[in-house]
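All remarks here apply to the structure that follows.
The values are calculated or read from the model by the stated rules, or taken from the named source; none is laboratory data. For clarity, every value in this text was computed on a predicted model and none was experimentally measured. Using ideal geometry, Cβ is built from the backbone for each residue, glycine included, and neighbour counts are taken over all protein chains shown.
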Amino acid sequence: MKKWMLYMILAFAMFSCREEIIIDLEEGSPLIGVEGSITDEYKRHEVILSYTADFYNAEEIRMITGAKVVVTDGVDTIPYWEQSDQPGHYLTDSVAGRKKTLYTLLVDVPEEGGGYKRLSAESYMQDNVEEIDSIVLKRTSMFPNVPLWDTIFMLYPYFQSLPDPSIVYMIKVTQDTVPQNDTLLQANSIPMAGYAGYYVNGPEMLENTSEIPVAMMTKSELHDGMYIRLDLLSIPSDYMMFVFSVKMAMGSNPMMGPPTNVLTNIQPSREAVGWFYAASVVSKELIYHTEE
């Protein structure tokens, strides 16, 4: 009885308190944020540099200008040029990286007292599949007796995965010209641990697990003639873990983990956050036609 009364008192105290509490968070020096990549697509690749913001001014991002940015494989060096119309954004000329190659990012950030701070990161460009055989958009088979699910479609890829279990396949989907998952919090991936070398969504794989959808679309989003593209990126498993850590931290809630709790491959440690990655990309397209 006493224990029940104690629970009631605690519950009353929790739900009746309406006093606004301001948490005074101790803010350290800003860290350097690095977001960048190189792929084997022939295009302009990007590195974005900024300083981290404090908890109460998360929208006031200060971009880093005047930096020197290059990526090298030990033989060739690729410069990234700062864009005059986008401070803090550094792009290459149109180039393509190579699979099975280790790339090193070198960033020299100007310091207030003069000189530069050197940051670096390494990423190995994994091999990738030769091609995606097909991608199929079909109604979900989950919960067939629930009316809502009848309006939901799933996108399924079909391809022969590589036997290397360290390779993770990251998925990016574009509908018409709009990326469906262009942020890390929306990123989808297929870790192949235990299934490396299987034909993805093929009969052998389905004997051991269920189909693997990579995107969901509602019937209202679709229209006849819609262009859908799936990009399959082969990424190292440590980059997948970085993406997971970003999703877990959620960025702004100090109780969920400040930036220093998120993984990074930018060196020296404790001076920067973010990730530089190398990835091989294979794409497949389809045109959606309205069901009769």
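Okay, here's what the table says:
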read-out: Filtered residues of region 77-136 (kept if of a type outside the set (A, V, I, L, M) and touching a Gly at 6+ places or on another chain (Cβ under 7 Å)); value: TYR103, PRO110
read-out: Hits in region 149-168 - residues which are in contact with a Ser or Thr (Cβ under 6 Å, 6 or more places away or on another chain), closer than 17 Å to LYS100 by Cα and not β-branched (Val, Ile, Thr); value: SER166
read-out: Residue match in region 220-236 (condition: basic (Lys, Arg), modelled with pLDDT of 90 or more and within 22 Å of the chain's Cα centre (by Cα)); value: yes
read-out: Residues of region 177-187 satisfying the condition of being part of a strand (DSSP E or B) and among the polar types (S, T, N, Q); value: none
read-out: Which listed residue is outside any loop (DSSP other than H, G, I, E, B), β-branched (Val, Ile, Thr) and either at positive phi or at pLDDT below 95 (or both), from VAL109, VAL47, VAL136; value: VAL136
read-out: Members of region 109-127 that are surrounded by 16 or more Cβ atoms within 10 Å (Cβ to Cβ) and out of contact with any Leu (no Cβ under 6 Å at 6 or more places or on another chain); value: VAL109, LEU119, SER123, MET125, GLN126
read-out: Residue in region 196-208 that is at pLDDT below 90, polar (S, T, N, Q), loosely packed, with under 15 Cβ neighbours inside 10 Å and under 28 Å from THR290 (Cβ atoms) present; value: no
read-out: Flag if GLU122 is of a type outside the set (Ser, Thr, Tyr) and modelled with pLDDT under 95; value: no
read-out: Strands (runs of 3 or more DSSP E) wholly inside region 188-241 that include at least 2 residues being without any contact (Cβ under 8 Å) to a residue 40 or more places away in the chain and not small (Gly, Ala, Ser); value: 188-191
read-out: Residue in region 170-188 that is modelled with the lowest pLDDT, counting only those that are buried (at least 17 other Cβ atoms within 10 Å of the Cβ) and under 15 Å from TYR239 (Cβ atoms); value: ALA187
read-out: Looking only at region 59-82, and only at residues there that are in a loop (DSSP other than H, G, I, E, B) and more than 23 Å from the chain's Cα centre (by Cα), the one that is nearest to SER94 (Cα to Cα); value: ASP76
read-out: Top-ranked residue in region 84-98 [being in contact with a strand residue (DSSP E or B) (Cβ under 8 Å, 6 or more places away or on another chain) and part of a strand (DSSP E or B); ranked as surrounded by the most Cβ atoms within 10 Å (Cβ to Cβ)]; value: TYR90
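Matching residues to (1) of a type outside the set (A, V, I, L, M, F, W, C); (2) within 19 Å of the chain's Cα centre (by Cα); (3) closer than 23 Å to LEU263 by Cβ:
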position: ARG118; (1), (2), (3): yes, no, yes
position: VAL136; (1), (2), (3): no, no, no
position: TYR158; (1), (2), (3): yes, no, no
position: THR174; (1), (2), (3): yes, yes, no
position: GLN186; (1), (2), (3): yes, yes, yes
position: GLY197; (1), (2), (3): yes, no, no
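Okay, residues lined up against (1) at pLDDT below 95; (2) of a type in the set (Val, Ile, Thr); (3) surrounded by fewer than 15 Cβ atoms within 10 Å (Cβ to Cβ):
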site	(1), (2), (3)
ALA58	yes, no, yes
ILE61	yes, yes, yes
LYS68	no, no, no
THR77	no, yes, yes
TYR80	no, no, no
LEU102	no, no, yes
